[in-house]
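Asks: Before anything else, here's the structure in question.
The values are calculated or read from the model by the stated rules, or taken from the named source; none is laboratory data. No experiment lies behind these values; they were computed from the predicted model shown. Note: ideal-geometry Cβ built from the backbone for every residue, glycine included; neighbour counts use all protein chains shown.
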Amino acid sequence: MMRITVTVNGQVYERDVPGHRTLLHFLRQDLGLTGSKEGCGAGECGACTVLLDGHSVNACLVLAPEVDGRCVETVEGQAKDGKLSTIQDAFNRNHAVQCGFCTSGMVMSVQDLLVRTPKPSDDDIKEAIEGNFCRCTGYLQIIEAVRDASGRTEGKGGLKHA
Amino acid sequence: MLEDATPDTLKHVGGSPDRIEAAAKLTGQALYVSDMTLPGMLYAQVTKSPHARARIRGINTSKAEALPGVRAVLTGAELEYRIGLYVVDKYLLARGEVRHFGEAVAAVAADTLEIARRAADLIEVDYEVLPPVLNHMDALKDDAPLVHPDLGKYDHVSAVFTPIPGTNIANQSKLRKGDVEKGFAEAEWLIEREYTNPSVQHVPMETHVAIAQWKMGDEVDIWTSCQSPFAVRNLFCYTFRLPLTQVRVMVPHVGGAFGGKAGIHLEPLVACLSRKAGGRPVKFQATREEEFSLLPCRSALTYRIKTGVAADGKIIAQKMTMYWDAGAYADYAVNVTRASGYSAAGPYEVPNAWVDAYTVYTNKPYGTAYRGFGHVEFFWGLERHMELVAQVIGMDPLEFRRLNTLKPGSITLTGEKITPNTGNPTKCLDVVAESIGYGALTAEETAREKATGCKIGKGIAALHKAPAMPPFTSSSIVLKMNSDGTVVVNTGLTEIGQGANTSLAQVVAERLGFDLAKIRISPDKDTDRDPYDWQTVASKGLVLAGNAAILACDDLLAKAYEVAGQVLRAQPADMDHDGEKIFVRHHRDRAVTFAALAIGYAYPDGNAIGGPLIGVGRYIAQGLANLDKETGQGNCALDWTFGAHGVIVEVDPESGEYHVLKICSAFDVGKAVHAEILRGQAVGGMVQGLGTACCEGYIYDEQGHLLNPSFTDNKIPTARDLPDVIESVAVETPQLDGPFGARGVGEHPMISVAPAIGNAILRAVGCELTHMPMRAEDVWRAMNQAAPIDNWITKTPNKSCKK
């Protein structure tokens, strides 16, 4: 067991963890923050994406002892004062959510993107979420949501009627 | 229910209100079974077979049992239960013989996941490895080993399915319409070819997971990530001979399903572990690797089509033979075989048709339902074949399709007559053809070819599907009015990401004339609380549950009007309502609020009438019946949803790499109830179809080991793989018995994406692909074969190909 101190969504937690515990299992089991999901446990699907000191990482590939003294942001910390964040709001408005299992990781990857690149091109968006698998949406409404969140008004899709 | 729809006055249906559960999912607050922990809960793991086929000589569990923290160990020897949807052929844990790589042979439950893993590894199984039968065509040979020597002894649904004991055939479905040999004799052309595709994994982002607690008195609680809580409950009770009152199935948010969670899977085994562990709840979640081989996949298919075409380009006869690879267990594969069999000709009229469809056992992970229920697979062959036929007879493929599509008055394979309200496949084809500029390259596209050295091709493919369901499929809705005049909707239809809850809320709000904010549908489902819905499958949810919802609204309003009539001293015909109150039409100030009526109306002196307002609606498919087992004739279709895809593809003629520049998809949905949810289904299904078309599929070695059970080796599409331009179009030919004219479209977007791309690649670089997925290397190989097109056509003595 190792004692770690970590700031998650602005709150400080001190816990004893076994050395092999992943950050994802630490968040989900030790802290009860189950918003970050496990889709593969092998760093392939991105459902567990969180920000570590402001950079997106697959929480299943980081060991809990590695985050000692560092800051973690998860999906649970995004909405403030009962209001969805700009990104969450854009996802909602653009119907970028279906089953929801990839959604937490998507939101965190997009958060990372927009902090670094406030006006991303479509290529930037696709690159940023390339590591986040979604089996439901086909990504299009997610891309539209990111455009919207970044203030771009062009490229809004829509169903056509014939 | 069309007669009740007045499209220009619709307030909710046709719009795009917020998805009901979006905020919960966006904030991480939505609860999935994966997220759940119960007091005293144990964690399960299974020991799996490393062989495709082997005799189990013995299992030594003593080391696992001795491990501290292990609370239950089970092997097949203790579990004499078999499960199966239609053919009851699968033990909960293998007994005597393992039938596929990855099959569970033993299971443990322990205090922690780590202990459970160690215990599962400590279980020693003594195997005598046997030669497996891996290819489904080999499994049909006389000397093939039998995957199920006891096939003749298994219970099965004999009204619908026909297993052939002494063979590896789990089911044979037949269809006979007209006289196919006579049709062939009259044909100007006979064109025959075979098409194939491998097994494919669904890849829900949340793998299968279940928690079960087998309590005192054989009361069982189950929390599961599944599509069909009532099917799980009913099959569970059938397996354990329990009354339905003793089992409760609860389904919170589900992280994707796509057919892979349609049936019953982990629940019985997890419940048995709980029973063995003295009633403590037990949780089992499959790893991603287990999702590929412990849990089921989509069946592989070999599809042979022989088409006879008249001089005018009309199809006059078609013989279709399907060999479906069930894998080790029949599960849904037998029903996929049946449903594909009766739809095998696509949205085309074939006056003389013959279908033989076989479900074949092999020693591989087993097949189940997967979005499209066989149609993604057989439309790959069918729509590549229609392209070939058009080419051979010298007709434009679009024109050939238009000539042969089902139209009002056409008779389907099963003998059903198409009406003007069945839907319009021709219009879907026209829409996508126009969108991609079918038939020629624009000046811009020609310039792009010159600049890049790549070749551009345009292809189209049509599709159709009806729900594959029993003729007596039903659904029900209960509406409960709260004392503030808001309404709770109870339904057994699960929300698996497809938007069922939001769309049902729209239907209810529309029919009641209430604001959407007054309608509440719980995200979770519970067989004890919610009224029966058969299953959340088959693209039937909105039609059946939507109709039940409309009837429940009418029932609720009738009951409210009955009490209001007494309060207002008016007869129902003189009253009307808005979202707040019921009033007398000619004296609008004589009114009573729904809030005042909701739990019983009380007069000022406290004297009361009425009681809680509960509306009940039930709907059952109308006029359907089992198909004749010998001829496949009868009416099996709740509704037919037609569609088409048009694709522009750019192919590198050196490497075979290709990219989709544009895809346009059109579906005759009857009525777009929620425009953005519909577009989400259309694009999501299309991209899933892109994965099937371009890269996904199970790869085995010669011993039957699955070689690619991971996202690294079995790639699925990412955001990078999207076509440059994506268009989704709704054609709206109203379905007379659909809610507000709507019909189902959940599965359809995935169907026929692959052949549209294959047809476009053919146009671009002239290569014929008959196997999907079409990886770049497959295109390269096909391009570099010098074989002429005529090689693909069976030489027939009777009027061979004119070319």
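Asks: Tally the residues that are under 20 Å from A:Ala47 (Cβ atoms), surrounded by fewer than 24 Cβ atoms within 10 Å (Cβ to Cβ) and of a type in the set (A, V, I, L, M, F, W, C), restricting the search to region A:70-83.
Replies: Summing the residues that are under 20 Å from A:Ala47 (Cβ atoms), surrounded by fewer than 24 Cβ atoms within 10 Å (Cβ to Cβ) and of a type in the set (A, V, I, L, M, F, W, C) in region A:70-83 gives 1.
Asks: Filter region B:192-219 for residues that are modelled with pLDDT under 95 and either of a type in the set (Lys, Arg) or farther than 29 Å from B:Gly259 by Cβ (or both) and give the result.
Replies: B:Glu192, B:Arg193, listed by residue number.
Asks: Also, I was wondering about something else. Quick one: which of B:Thr27, B:Thr47 is facing chain A (nearest Cβ under 8 Å) and touching an Asp or Glu at 6+ places or on another chain (Cβ under 8 Å)?
Replies: Testing whether each residue is facing chain A (nearest Cβ under 8 Å) and touching an Asp or Glu at 6+ places or on another chain (Cβ under 8 Å) leaves just B:Thr27.
Asks: Further, regarding this structure: Is it the case that region B:629-642 has a residue that's closer than 30 Å to B:Gly439 by Cβ and surrounded by fewer than 24 Cβ atoms within 10 Å (Cβ to Cβ)?
Replies: Yes, the conditions are met somewhere in region B:629-642.
Asks: Run down B:Gly313, B:Gly279, B:Gly263, B:Gly259 and say which single residue is part of a loop (DSSP other than H, G, I, E, B), among the small types (Gly, Ala, Ser) and within 14 Å of another protein chain (Cβ to nearest Cβ).
Replies: B:Gly259
Asks: Can you tell me which of B:Ala210, B:Ala231, B:Ala300 is among the hydrophobic types (A, V, I, L, M, F, W, C) and more than 20 Å from the chain's Cα centre (by Cα)?
Replies: None of the others qualify; the one that does is B:Ala210.
Asks: Sticking with this structure for a sec: Consider only pairs whose beta carbons are under 9 Å apart and that are at least six residues apart or on different chains; among these, list those whose first residue lies in region B:549-562 and is free of Cβ contacts under 8 Å to residues at least 40 places away in the same chain and whose second residue is crowded, with 19+ Cβ neighbours inside 10 Å and of a type in the set (Val, Ile, Thr).
Replies: B:Tyr561/B:Ile582
Asks: A:Glu154 versus (1) more than 12 Å from chain B (Cβ to nearest Cβ); (2) in a helix (DSSP H, G or I); (3) acidic (Asp, Glu): which is the lone unmet condition?
Replies: (2)
Asks: I'd like the full set of residues that are in contact with a strand residue (DSSP E or B) (Cβ under 9 Å, 6 or more places away or on another chain) and either more than 30 Å from B:Asp138 (Cα to Cα) or within 7 Å of chain A (Cβ to nearest Cβ) (or both), limited to region B:682-713.
Replies: Selection gives B:Ala682, B:Val683, B:Gly685, B:Met686, B:Val687.
Asks: Continuing with the same structure: Report yes if some residue within region A:136-148 is modelled with pLDDT of 95 or more and farther than 24 Å from B:Ile496 by Cα; otherwise report no.
Replies: The answer is yes, given that some residue of region A:136-148 is modelled with pLDDT of 95 or more and farther than 24 Å from B:Ile496 by Cα.
Asks: In this structure, is A:Ile142 more than 7 Å from chain B (Cβ to nearest Cβ), in contact with a Cys (Cβ under 8 Å, 6 or more places away or on another chain), within 30 Å of B:Gly15 (Cβ to Cβ) and outside any loop (DSSP other than H, G, I, E, B)?
Replies: The answer is yes for A:Ile142.
Asks: Any residue at all in region B:505-515 that is surrounded by 18 or more Cβ atoms within 10 Å (Cβ to Cβ) and within 14 Å of chain A (Cβ to nearest Cβ)? Write out each step before concluding.
Replies: In the first step, residues of region B:505-515 are kept if they are surrounded by 18 or more Cβ atoms within 10 Å (Cβ to Cβ); the result is B:505-512, B:514.
Then keep just the ones that are within 14 Å of chain A (Cβ to nearest Cβ); that gives B:506.
Yes - at least one qualifying residue is present in region B:505-515.
Asks: Let me spell it out: the conditions are (1) away from chain A (no Cβ under 14 Å); (2) surrounded by fewer than 24 Cβ atoms within 10 Å (Cβ to Cβ); (3) modelled with pLDDT of 95 or more, and B:Pro229 meets all of them except one. Which number is the exception?
Replies: With (1) away from chain A (no Cβ under 14 Å); (2) surrounded by fewer than 24 Cβ atoms within 10 Å (Cβ to Cβ); (3) modelled with pLDDT of 95 or more applied to B:Pro229, the lone miss is (2).
Asks: Hey, can you tell me all the residues within region B:748-768 that are modelled with pLDDT under 95 and crowded, with 24+ Cβ neighbours inside 10 Å?
Replies: None - no residue of region B:748-768 is modelled with pLDDT under 95 and crowded, with 24+ Cβ neighbours inside 10 Å, so the list stays empty.
Asks: How many residues, within region B:171-203, are within 30 Å of B:Leu31 (Cβ to Cβ) and either assigned by TED's automatic domain parsing to the domain that holds B:Leu388 or hydrophobic (A, V, I, L, M, F, W, C) (or both)?
Replies: The total comes to 2.
Asks: Now for a separate question. List the pairs whose first member sits in region B:574-593 and is over 19 Å from B:Arg511 (Cα atoms), whose second member is assigned to a strand (DSSP E or B) and of a type in the set (Ser, Thr, Tyr), and whose Cβ atoms are under 9 Å apart, counting only residues at least 6 apart or on separate chains?
Replies: Listed by first residue and then by second, the contacts come to B:Val592/B:Tyr601.
Asks: Given the criteria of a type in the set (Ser, Thr, Tyr), in a strand (DSSP E or B) and under 26 Å from B:Lys629 (Cα atoms), does B:Tyr238 qualify?
Replies: When the stated conditions are applied, B:Tyr238 does not pass them.
Asks: Can B:Ile83 be described as assigned by TED's automatic domain parsing to the domain that holds B:Arg275 and under 29 Å from the mean Cα position of the chain (by Cα)?
Replies: Working: assigned by TED's automatic domain parsing to the domain that holds B:Arg275: yes; under 29 Å from the mean Cα position of the chain (by Cα): yes.
It is true that B:Ile83 is assigned by TED's automatic domain parsing to the domain that holds B:Arg275 and under 29 Å from the mean Cα position of the chain (by Cα).
Asks: Kindly indicate whether B:Glu387 is touching a residue at least 24 places away in the same chain (Cβ under 8 Å), assigned by TED's automatic domain parsing to the domain that holds B:Lys306 and touching a strand residue (DSSP E or B) at 6+ places or on another chain (Cβ under 6 Å).
Replies: Details: touching a residue at least 24 places away in the same chain (Cβ under 8 Å): yes; assigned by TED's automatic domain parsing to the domain that holds B:Lys306: yes; touching a strand residue (DSSP E or B) at 6+ places or on another chain (Cβ under 6 Å): no.
No.
Asks: Still on this structure, I have one more. Does A:Ser104 satisfy the condition of being within 20 Å of A:Glu44 (Cβ to Cβ), small (Gly, Ala, Ser), within 7 Å of chain B (Cβ to nearest Cβ) and in contact (Cβ under 8 Å) with a residue 40 or more places away in the chain? Steps first, answer last, please.
Replies: Values: within 20 Å of A:Glu44 (Cβ to Cβ): yes; small (Gly, Ala, Ser): yes; within 7 Å of chain B (Cβ to nearest Cβ): yes; in contact (Cβ under 8 Å) with a residue 40 or more places away in the chain: yes.
Criteria met by A:Ser104.
Asks: Among the residues of region B:106-132 satisfying the criterion of being among the small types (Gly, Ala, Ser) and not in a strand (DSSP E or B), which is surrounded by the fewest Cβ atoms within 10 Å (Cβ to Cβ)?
Replies: For region B:106-132, the residue satisfying everything is B:Ala120.
Asks: Now for a different question. I need the full set of residues from region B:693-717 which are within 23 Å of A:Ala42 (Cα to Cα), out of contact with any Cys (no Cβ under 9 Å at 6 or more places or on another chain) and crowded, with 21+ Cβ neighbours inside 10 Å, in order please.
Replies: Within region B:693-717, B:Glu696, B:Leu706, B:Pro709 qualify.
Asks: Surrounded by 17 or more Cβ atoms within 10 Å (Cβ to Cβ) and more than 25 Å from B:Thr718 (Cα to Cα): is that true of B:Gly611 in this structure? Spell out how you get there, then give the answer.
Replies: Working: surrounded by 17 or more Cβ atoms within 10 Å (Cβ to Cβ): no; more than 25 Å from B:Thr718 (Cα to Cα): yes.
Answer is no for this residue.
Asks: Provide a single number: the residues in region B:723-739 that are in contact with a helix residue (DSSP H, G or I) (Cβ under 7 Å, 6 or more places away or on another chain) and either among the aliphatic types (A, V, I, L, M) or not in a loop (DSSP other than H, G, I, E, B) (or both).
Replies: So the count comes out to 8.
Asks: Being closer than 20 Å to B:Gly459 by Cα, outside the structural domain of B:His100 (by TED's automatic domain parsing) and of a type in the set (Gly, Ala, Ser) narrows it down to one of B:Gly367, B:Gly394, B:Gly415, B:Gly372, so name that one.
Replies: Only one candidate passes the filter, namely B:Gly394.
For every residue, the table says whether it meets (1) more than 22 Å from B:Glu495 (Cα to Cα); (2) under 20 Å from the mean Cα position of the chain (by Cα); (3) in the same structural domain as B:Arg569 (by TED's automatic domain parsing).
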residue: B:Ala591; (1), (2), (3): yes, no, yes
residue: B:Asn607; (1), (2), (3): yes, no, yes
residue: B:Leu613; (1), (2), (3): yes, no, yes
residue: B:Val616; (1), (2), (3): no, no, yes
residue: B:Glu650; (1), (2), (3): yes, no, no
residue: B:Glu654; (1), (2), (3): yes, no, no
residue: B:His659; (1), (2), (3): yes, no, no
residue: B:Asp668; (1), (2), (3): yes, yes, no
residue: B:Gly684; (1), (2), (3): no, yes, no
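Asks: Right, next: Report yes if B:Ser16 is under 30 Å from B:Val125 (Cα atoms) and within 14 Å of chain A (Cβ to nearest Cβ), otherwise no.
Replies: Working: under 30 Å from B:Val125 (Cα atoms): no; within 14 Å of chain A (Cβ to nearest Cβ): yes.
For B:Ser16, the condition - under 30 Å from B:Val125 (Cα atoms) and within 14 Å of chain A (Cβ to nearest Cβ) - is not met.
Asks: Please find, within region B:193-210, the residue that is nearest to B:Ser225 (Cα to Cα) out of those that are crowded, with 24+ Cβ neighbours inside 10 Å and more than 14 Å from chain A (Cβ to nearest Cβ).
Replies: B:Ala210
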